[in-house]
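Peer 1: I'd like to ask you about the structure that follows.
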Amino acid sequence: MKGLVLTALALTLLCGCSPNAREPDNLALVRVLGVDGASPVTLTAVCGGVDQQDASRGSCQEETFGLARDRMPWVGEEELALTSVSHLLVGRDADLAAVLFAVLEDQEMGASARVWLAEEGAAAALEDCKDPAAALELLVQQGVQAPTVAETLGALMTDGSAILPVVGQEGGRLIWRGEERWDEQ
């Protein structure tokens, strides 16, 4: 009996001392990442939506996607974490293949983010949209097919092109405008 009590006490202490799996304070999870330009590259991050009430935003410009990505966490009022990006919104002037390779090589960002083409540029599309993550999720639920980062890069490398859904901004929300073939230059 004494051994059972000691075991229970040890387990209680171990469980009580284990770290909780939660985000640190002042950390905002980026849900939508906009990419404009090839050199320089402008990134626009929007947090919140679907599972967060936070509407933090940030934007930065650097010579390459990698440099902009490294700077992005520190451009908002709180740290912007690129670990939960669900949607990648690219402008027509972006170097799509370079961006997709960089996303796949980044250990924090994943290959499962959906890729969208911004009709008027990513920053412009995200500027007045209150909740772009929810708007893009709604389009997916309505049947709009948005390929993942891995699927898009695979299509570019094997076929030389990829079909991307085009979204525009109207009245403060993102709307589907159709599809467009992105040809790798």
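Peer 1: Mind checking Rg over Rh on segment 33-185, alpha carbons, Kirkwood formula for Rh?
Peer 2: For segment 33-185, the value is 0.93.
Peer 1: Kirkwood Rh over Cα pairs of segment 84-173 into Stokes-Einstein at 25 °C, 0.890 mPa s: D in µm²/s?
Peer 2: D = 183 µm²/s.
Peer 1: Next question. Restrict the search to segment 102-185; then list the trypsin sites (Lys or Arg not before Pro) that DSSP places in a loop and that have at most 14 other Cβ atoms within 10 Å of their Cβ.
Peer 2: Lys130
Peer 1: Each residue of segment 88-105 in order: what ³J(HN,Hα) in whole Hz does its phi give by Karplus 6.51 cos²θ - 1.76 cosθ + 1.60, θ = phi - 60°, with x for Gly and Pro?
Peer 2: For segment 88-105, the Karplus curve yields 10, 9, 10, x, 5, 8, 6, 8, 4, 4, 4, 5, 5, 4, 5, 5, 5, 7 Hz.
Peer 1: Right, something else. Provide the per residue accessible area, probe 1.4 Å, for segment 41-130, rounded to a whole number of square angstrom. Mind dumping the intermediate values first?
Peer 2: Numbers: 4230 Å² over 90 residues.
Value returned for segment 41-130: 47 Å² of accessible area per residue.
Peer 1: Now for a different question. Can you pull the Rg over Rh of segment 71-122, Cα-only, Kirkwood? Numbers along the way, then the final one.
Peer 2: Working: Rg = 11.7 Å, Rh = 12.0 Å.
We get a ratio of 0.98 for segment 71-122.
Peer 1: Would you mind pulling out the separation of the Cα centroids of segment 78-141 and segment 151-179, in Å?
Peer 2: Taking the Cα centre of each part, segment 78-141 and segment 151-179 sit 11 Å apart.
Peer 1: Per residue, how large is the accessible surface of segment 137-185? Use a 1.4 angstrom probe and give square angstrom.
Peer 2: That works out to 56 Å² for each residue.
The values are calculated or read from the model by the stated rules, or taken from the named source; none is laboratory data. Nothing here was measured: the structure is a model prediction, and the numbers come from that model. Cβ coordinates were reconstructed from backbone atoms using ideal geometry, including for glycine residues, and neighbour counts include every protein chain displayed. Just so you know, the surface numbers come from the protein's heavy atoms only, side chains and all, with ligands and any DNA or RNA stripped out. Shrake-Rupley method; radii C 1.70, N 1.55, O 1.52, S 1.80 Å.
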